[in-house]
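Derivation of every value follows stated rules applied to the coordinates shown; laboratory data play no part. Keep in mind that this is a model prediction, so the values were computed, not measured. Reconstructed Cβ throughout: ideal geometry from the backbone, glycine too, with neighbour counts over all protein chains shown.
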Amino acid sequence: FPTTLNGFAEVSLAAAEEVTVYLGARVEAFQSGLSFRSDRADFRSPVIDTSWKTAILPRIGVTGPIPGTGDRTAFRFNYGVVSQPPDFQFFLDTSIGDSLRTDIRRQGNPNLSFERGTAFEVALSHLFTDAVAATVVGFRKELTNVVSGSLAFPGFAE
């Protein structure tokens, strides 16, 4: 069976002028729980159990007031490395289509690793009155090592 484990630790550090810095780290691990042959073309090849995949994901955040605004305007910035296990469908060999008679098959990889990425966030908040506030947030998430599927037919150019 697939298994996942994770944990998170964070510390906040007060810096000058009421600026706070947050440092954190997330640890993630998963195992697909599948076994596979080292050489799929040779049924006599040894069966291998999948290993644990682990990732340490650092995070940093900074928040504080904007000088000269009477503590009514504040900023924040966050950066973090993110990851997630691939969709389980990519671990297994499957037929594509709605019939078992199809000749279109996708070969899975039970030993896939994490999909990785980075996330950024910048925000500005302003308190107009004691009851009215507004926040503007910009963010971006960049993904790498993303698993996807494609079809390739023998004799046709890709």
Tell me the Rg and the Dmax, in Å, that the Cα atoms of region 3-144 produce.
23.3, 74
Sorted on mean Cβ neighbours within 10 Å (highest first), peptides 76-84, 47-55 come out as 76-84, 47-55
Label model pair Leu127, Ala9: point-to-point distance (7 angstrom along the Cα→beta-carbon line) in nm is 3.4
Highest mean first, what order results for 8-18, 29-39, 120-130 on Cβ atoms within 10 Å?
29-39, 120-130, 8-18
Take Ser45 and Ala134, extend 7 Å from each Cα along the Cα→Cβ direction, and tell me the distance between the two endpoints in nm.
6.1
